[in-house]
Structures are given as structure tokens and as C-alpha cells.
1. Output the helices (runs of 4 or more DSSP H) that fall wholly within segment 78-185 and possess 2 or more residues being among the β-branched types (Val, Ile, Thr) and at pLDDT 90 or above, or say none.
2. How many residues are outside any loop (DSSP other than H, G, I, E, B), over 19 Å from the mean Cα position of the chain (by Cα) and not aliphatic (A, V, I, L, M) when one looks only at segment 222-239?
3. Show the residue pairs meeting these rules: Cβ distance below 9 Å; 6+ apart or different chains; first residue within segment 53-71 and of a type in the set (Lys, Arg); second residue open to solvent by less than 20 Å² (accessible area, probe 1.4 Å).
4. Run down Leu198, Leu262 and say which single residue is farther than 28 Å from Val44 by Cβ and part of a helix (DSSP H, G or I).
5. May I ask you to list pairs of residues, at least six apart or on different chains, whose Cβ atoms are under 9 Å apart, with the first in segment 135-148 being of a type in the set (S, T, N, Q) and the second being in a helix (DSSP H, G or I)?
6. Just checking, which of Gly240, Gly256, Gly214, Gly260 is at pLDDT below 95 and under 13 Å from Gly179 (Cβ atoms)?
7. For the subset of segment 82-124 comprising residues that are of a type in the set (Gly, Ala, Ser) and farther than 29 Å from Arg218 by Cα, which member is surrounded by the most Cβ atoms within 10 Å (Cβ to Cβ)?
8. Return yes when Trp119 is more than 18 Å from Thr171 (Cβ to Cβ), touching a residue at least 40 places away in the same chain (Cβ under 8 Å) and of a type in the set (Phe, Trp, Tyr) and no when it is not.
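The values are calculated or read from the model by the stated rules, or taken from the named source; none is laboratory data. Quantities reported herein were computed from a predicted structural model and do not represent experimental measurements. Cβ atoms come from the backbone with ideal geometry, glycine included; neighbour counts cover every protein chain shown. Keep in mind that these areas ignore ligands, DNA and RNA; they rest on the heavy atoms of the full protein, side chains included. Shrake-Rupley method; radii C 1.70, N 1.55, O 1.52, S 1.80 Å.
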Amino acid sequence: MGEERDRGEPVGASAAAVRRAVRVTYRERTARLPGAVLWTTTTVPGAGPVLPDGCTDLLWSAGRLLVAGPDTGPQAQDGVAPAGTRWVGLRFAPGQGPAVFGVPAHELRDRRVPLEDLWGARRARELAARAAAADAPGAVLEQAARDRLRAAGRWTDGATTDVLPGRDGRTAAIASGLGRGRPVAEVARLVGMGERQLHRHSLAVFGYGPKTLGRVLRLVRALELARAGVPYAEVAARAGYADQAHLAREVKSLAGAPMGTLLRAG
């Protein structure tokens, strides 16, 4: 069944508290789809914003299914749903979502799209009905994602591989290299692409160009470290920033608020 954790204990595709955190109501576990995370939360007043992390999510709430695309900035949660609304989500690792949703990631960037717009009304309604009738709607979302990947030839039950389902080897290497702070030109050489080809590939699978993806993944790492209590100067060094001032500028640019404000908001 995977490991379930309270908000603030990062597992899987990215930091738990970074992507879909809504204070202490947030819980997650590793999904049955390698690299993905299954999470639940209940909307509360005053929740902090959703922050960029390079991921896409399949969301279920009140009988509706939505797709959350990769964000380039903070997304306010106030007014999205009334307090007390329960959400269940399946978060895909960076580069994994397009194979599930069937569209390039840049078409979903900074958007929340009804699943029926991507899969068709009938298929989306059937999935929503199964999720509503299930004791564990998250398991229904997991199965639906596996079925989509299997139909696309991107998933084989029982297969052992170091490449996440829905991501080819180059995509995984790009995310890994940029996430470690390697220069774009170096990553392009590593995966056998020109820089323009890398840019086009990154837009399709991640929703961002490689420079933006690198900034987003570095932000995720910085917030993970800061939430673990690492001093800001050490966060800057370990996450790949030039110095603490560079860290502060990047956090404000991508997340819309200083680090301390983000940590207090959850």
C-alpha cells in the first residue's frame, strides 16, 4: 500500500509540503506507479499557495476530475474550493504526466483543466463515478494512470527498470542533471541533444524550458532543506545557489514570498 506520511515528510516525486500542502490536513503515500505520490487533503481557510515543483497532478474532488499542470509561480488556493472540501490527488514525477494525459506538458502549464477536455467526457465521467463509489478513490486514480500507460506501451506490470513509467531514459537524465544544477549545455551533451532540441523536448515533457526547470527543481530542493531546519546559508550551498542572497531572490521570484513566510504558511 505504500507509506503514508503527514505533511512535511517528503517522499516520491517532490517535497510533500511544497506542491499541495494545506496545513496539517495533508497526507501522502508513495503510489503504486513508480515515482508518483498519492495524496489527500481537506481545504482549510488561510492555506498557503501551491508552489512550482515541475509536477502534474490528477485531482479528484466532489465528483470532479481535474488536471493540474506544471506551475511557473505560486497558485493561490483561497477561493478554489469551500473550506472542508476533500481532495485526492495523484502527483506524477516531472516528465511523467504527458504520457498519462496525452498532451504536451506546456499545454497544461499554469492551468487547471477538466479531465474530460483531455480524455473525453464519457471516459472522464466513468472514472469520476468509479472514484466516487470507491472506499479509496486514490486507488482508482492509480489504476487509471497505469491503464493509460499500458495502452501507450509505457508500462508493463512486474517490469523492473530504473526509468520511471512514462519517461524515457533521456527525460529522466535531463531531470536528474538539471536537478543537480548542471548547466543546460552540459545536460544537452549528456543526453545527445542540441540545446534547441533539448528546449523543445523539455517544453513537451516538463512544460518548461530547461533553464526554468532547473530553477524549479532547485527551489524544491531548497524548500525541502529549509523545512528540515537547515540554516539558509547551508541551504543555498547545498541546493546550488551562488550565495544566500541568490537563494532569497530566486525564492521570491518563483514562490512570490520570502522563505520565512513560505515556511510559516506551510
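1. Per the criteria, 169-179.
2. Count: 3.
3. Every condition considered, the pairs that remain are Arg64/Leu115; Arg64/Ala128.
4. Among Leu198, Leu262, only Leu198 is farther than 28 Å from Val44 by Cβ and part of a helix (DSSP H, G or I).
5. Note: pairs meeting the criteria are Gln143/Arg130.
6. Answer to the check: Gly240.
7. Ala124
8. So Trp119 does not fit the description; no.
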